[in-house]
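These notes concern the structure reproduced below.
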Amino acid sequence: EAGVAQSPRYKIIEKRQSVAFWCNPISGHATLYWYQQILGQGPKLLIQFQNNGVVDDSQLPKDRFSAERLKGVDSTLKIQPAKLEDSAVYLCASSSTLAGGETQYFGPGTRLLVL
Amino acid sequence: GNSVTQMEGPVTLSEEAFLTINCTYTATGYPSLFWYVQYPGEGLQLLLKATKADDKGSNKGFEATYRKETTSFHLEKGSVQVSDSAVYFCALKGSNAGGTSYGKLTFGQGTILTVHP
């Protein structure tokens, strides 16, 4: 079974530029998550989708971050304009349900450096 | 809100030493608890989990017991190997009083483990 796919793996941009990350979850997984992991910290949820609807985006800086999952499968996370503090690894995860014990499977992440 | 606190690291051990990484949590309702591991150059992988009080999760020689009375989920391994060198994250998935999960994981800050031959 294929895992969670993410691209690109690395991205370097200058502040005020825009950037987009792509995620393809495990086939059949209804729930998709985007996490931000700053160096030395644990991942923090940015946004959570159930199929193509948003379940939780309370931690998403909506003035600069946006995300969509139009067909309930793959997803795109965008930052516009980027700030220095956005330098982090952006992790995509998926799970088949929201159930308490359900495992979330993580992709390899996209490492973003904003100069 | 929910939170997870891990022991401060990094942790450096010799091969075959005993490992404990402490994890305590604050949560309402009935959270599920997880340990994830991140090997160098790789993504986060589930190591083990426990979904209710007194459950013990185990995998690859690692164990952790869900202790509701002390709100803890400490990770242990009796004899570590060089290949266990990685970053370990404790995490919880919250739920409401009715047991409905919120889905998202709340992570601790991670503990770097280095095992020397």
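The values are calculated or read from the model by the stated rules, or taken from the named source; none is laboratory data. All values derive from a computational prediction rather than experimental measurement. Every residue, glycine among them, receives a Cβ derived from its backbone with ideal geometry; neighbour counts consider all protein chains shown.
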Legend entry - Matching residues, region B:10-30, being among the hydrophobic types (A, V, I, L, M, F, W, C) and either modelled with pLDDT of 95 or more or more than 19 Å from B:THR65 (Cβ to Cβ) (or both): B:VAL11, B:LEU13, B:ALA17, B:PHE18, B:LEU19, B:ILE21, B:CYS23
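Conditions (1) modelled with pLDDT of 95 or more; (2) within 18 Å of B:TYR102 (Cβ to Cβ); (3) out of contact with any helix residue (DSSP H, G or I) (no Cβ under 8 Å at 6 or more places or on another chain); (4) more than 12 Å from chain B (Cβ to nearest Cβ), marked per residue:
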site: A:GLY3; (1), (2), (3), (4): no, no, yes, no
site: A:GLY42; (1), (2), (3), (4): no, yes, yes, no
site: A:ASN52; (1), (2), (3), (4): no, no, yes, yes
site: A:SER58; (1), (2), (3), (4): no, yes, yes, no
site: A:GLN80; (1), (2), (3), (4): yes, no, yes, yes
site: A:VAL89; (1), (2), (3), (4): yes, no, yes, no
site: A:ARG111; (1), (2), (3), (4): yes, no, yes, no
Inset, instruction - Write out, first by first residue and then by second, each pair whose Cβ atoms fall under 8 Å of each other, whose residues are 6+ apart or on separate chains, and whose first residue, in region A:44-68, is in contact (Cβ under 8 Å) with a residue 60 or more places away in the chain while the second is outside any strand (DSSP E or B) and of a type outside the set (Ser, Thr, Tyr). - result: none
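Here is a yes/no grid of residues against (1) more than 12 Å from chain A (Cβ to nearest Cβ); (2) assigned to a loop (DSSP other than H, G, I, E, B); (3) of a type in the set (Asp, Glu); (4) free of Cβ contacts under 8 Å to residues at least 12 places away in the same chain:
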{"site": "B:THR24", "(1), (2), (3), (4)": "yes, no, no, no"}
{"site": "B:LEU33", "(1), (2), (3), (4)": "no, no, no, no"}
{"site": "B:GLU42", "(1), (2), (3), (4)": "no, yes, yes, yes"}
{"site": "B:LYS52", "(1), (2), (3), (4)": "no, yes, no, no"}
{"site": "B:ALA64", "(1), (2), (3), (4)": "yes, no, no, no"}
{"site": "B:VAL87", "(1), (2), (3), (4)": "no, no, no, no"}
{"site": "B:CYS90", "(1), (2), (3), (4)": "no, no, no, no"}
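Answer with yes or no whether A:GLN36 is in contact with a helix residue (DSSP H, G or I) (Cβ under 9 Å, 6 or more places away or on another chain) and either assigned to a loop (DSSP other than H, G, I, E, B) or crowded, with 17+ Cβ neighbours inside 10 Å (or both). Break it down into steps so the answer makes sense when it comes.
On the way: in contact with a helix residue (DSSP H, G or I) (Cβ under 9 Å, 6 or more places away or on another chain): yes; either assigned to a loop (DSSP other than H, G, I, E, B) or crowded, with 17+ Cβ neighbours inside 10 Å (or both): yes.
Answer is yes for this residue.
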Inset, instruction - Identify all residues within region B:66-77 that are touching a residue at least 40 places away in the same chain (Cβ under 8 Å) and among the charged types (D, E, K, R); write none if there are none. - result: B:GLU76, B:LYS77
